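S.K.: Structure provided below as structure tokens; questions to follow.
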Amino acid sequence: MREYLLTLCITAAVTYLLTGPVRKFAIVAGAMPEIRARDVHREPTPRLGGIAMFFGLCAGLLVADHLANLNEVFAKSNEPKALLSGAALIWLIGVLDDKFEIDALIKLGGQMIAAGVMVMQGLTILWLPVPGVGSVALTQWQSTLLTVALVVITINAVNFVDGLDGLAAGMVCIASAAFFLYAYRVWVSYGIEAAAPATLFSAILMGMCLGFLPHNMHPARIFMGDSGSMLIGLVLAAGAISITGQVDPDALKLFAGSEQAAVHQTVPVYIPLLLPLTIIAVPTADLVLAIVRRTWRGQSPFAADRGHLHHRLLEIGHSHSRAVLIMYFWSALIAFGALAYSVNSASMWIVLGVVFLSAIGLLLLLLPRFTPRAPRWAEHFVPPRYRRRGAVAEAGPAMAEHTGQDGVPAEEERRTPVVVGVSGVNGATALGGRSHHPDRRKAGTSR
């Protein structure tokens with residue numbers, strides 16, 4: 001565990017330290033497009049954050065290769081090299097798109113090629129655990145098609161959800177944390193060495209996201225762009241492919257019976273990882289809804305619209321930060337709920353806990369304009385918007401001039417609502433005085 005934590009910290013540190021210089025490079029390189037009518041953010045913000053994330057991935061793999069225990073992953077498996085090859089290809093395509101905005105079909109072809117490169121180097125699904133049947137071995141063509149489909153679905157699911165500051169990086173970090181706990185349990189508790197690469201991939205992915213999040217939280221100073229969203233989607237898919245297609249379910253020996261019974265007993269363990277739809281259920285749901293919505297309207301599935309889940313949260317009245325936190329909540333509930341169910345599927349407390357937390361999540365969705373109030377003893381330590389009216393009045397006329405109803409800053413009340421739209425691959429919101437454009441109206445803002 002110490003070596004995994006060291007790898008995670010090195011990956012996060014390299015990503016964090018490189019993001020600042022990458023931001024300056026993106027500005028100089030012109031990877032900072034003007035605001036479009038469908039964008040959420042108000043000021044041009046540089047992209048290319050995926051450059052720092054890719055070098056964080058490389059640093060994590062390099063450190064792990066020189067650690068005593070993790071070095072065995074590289075010695076016994078070719079999967080880390082396969083991941084690096086596919087990641088380099090998808091990252092290069094993302095960088096070109098962040099700069100030149102290449103066609104969506106070209107990106108789709110690049111995603112399939114990157115997945116094919118990983119398959120050629122051994123990172124593929126070899127068999128599937130099927131309830132009542134057992135482990136079903138796949139032919140080479142079946143294995144390749146299923147692996148490529150899984151990679152493409154995961155990449156685009158993460159890419160579609162990258163619409164608000166810190167949303168994609170945070171959700172993937174939550175998913176990779178749940179994934180890490182499961183893979184580490186399979187490797188250490190059951191002694192299955194084939195789960196070690198997936199554990200390493202999850203630790204590195206957490207480091208990439210944690211290192212980038214401080215620069216990407218609202219208001220964002222830089223976007224990850226396609227170079228980042230497609231990269232972390234591929235790494236997440238690689239971990240799912242590694243532990244699902246390489247680990248024999250019967251090797252867990254959770255049921256001392258036939259192979260069919262063993263597979264049936266471990267179904268709660270493998271369903272969340274067979275296709276990582278529960279691990280990234282929210283992005284996948286957004287992807288499916290977007291495809292259905294656009295196809296129903298006679299549009300291309302890749303055409304931009306204004307119907308993503310996070311934009312709907314903004315439309316019903318949630319603030320930017322609250323919308324992101326709500327998406328975090330649902331991702332954590334689904335990911336860790338599936339993890340807990342895989343550990344003990346017979347526990348009724350797990351089901352009741354998930355139901356209770358789901359009710360809380362629905363309540364949060366129905367209270368978009370609820371503003372929490374701090375207790376009186378803490379009112380002097382929080383912003384005016386979280387204080388009671390009496391506390392704001394006691395602060396004096398100077399404070400009253402700058403606050404409106406319920407202690408909300410008057411400037412915020414007068415702020416023109418942001419038109420909710422889709423920003424494609426890097427639609428985050430960036431507010432602040434960092435604009436390099438003296439006339440913001442030229443950028444298409446509402447100010």
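The values are calculated or read from the model by the stated rules, or taken from the named source; none is laboratory data. Only a predicted model underlies this, so the values are computations on that prediction, with no experimental measurement involved. Here the Cβ positions follow ideal geometry from the backbone for every residue, glycine too, while neighbour counts run over all protein chains shown. Quick note on the areas: whole protein, heavy atoms, side chains included, nothing else; ligands and nucleic acids left out. Shrake-Rupley method; radii C 1.70, N 1.55, O 1.52, S 1.80 Å.
S.K.: Write down the accessible area per residue of segment 119-209 in Å², having rolled a 1.4 Å probe over the full set of protein chains.
M.R.: 31
S.K.: Same structure, new question: Using only Cα positions of segment 69-125, each an equal point scatterer, no hydration layer, compute I(q)/I(0) via Debye at q = 0.12, 0.15, 0.26 Å⁻¹ and quote the log10 values to two decimals.
M.R.: The calculated log intensity ratios at q = 0.12, 0.15, 0.26 Å⁻¹ are -0.34, -0.49, -0.95.
S.K.: If I take R0 = 35 Å and measure r between the Cβ atoms of residue 344 and residue 289 in this structure, what FRET efficiency does the formula 1/(1 + (r/R0)^6) give, to the nearest 0.05?
M.R.: It comes to 0.65.
S.K.: In what sequence, largest accessible area first, do 107, 99 appear using a 1.4 Å probe?
M.R.: Descending accessible area places them as 99, 107.
S.K.: Here's another thing I want to ask about it. Considering only the other residues whose Cβ falls under 9 Å of the Cβ of residue 31, what net charge follows from Lys and Arg at +1 and Asp and Glu at -1?
M.R.: Residues close to residue 31 contribute a combined charge of +1.
S.K.: Would you work out what percent of the accessible area of segment 54-95, with all protein chains in place, is carbon or sulfur (probe 1.4 Å)?
M.R.: 66
S.K.: Could you put 128, 231, 181 in order of accessible surface area, largest first, with the 1.4 Å probe and the full protein assembly present?
M.R.: Descending accessible area places them as 181, 128, 231.
S.K.: Now a separate question. Give, to the nearest whole percent, the P(r) tail of segment 175-246 beyond 14 angstrom, counting all Cα pairs.
M.R.: Result: 61 percent of Cα pairs exceed 14 Å.
S.K.: Averaged across orientations, what area in nm² does the convex hull of the alpha carbons in segment 106-241 project?
M.R.: Projected area, direction-averaged: 9.1 nm².
S.K.: Using the Kirkwood radius over C-alpha pairs as Rh, can you work out the diffusion coefficient of segment 1-110 via Stokes-Einstein at 25 °C, viscosity 0.890 mPa s, in µm² per second?
M.R.: So the translational diffusion coefficient is about 155 µm²/s.
S.K.: Also: Given a Förster distance of 60 Å, report the FRET efficiency between residue 3 and residue 297 from their Cβ-Cβ distance, rounded to the nearest 0.05.
M.R.: Efficiency for this residue pair is about 0.75.
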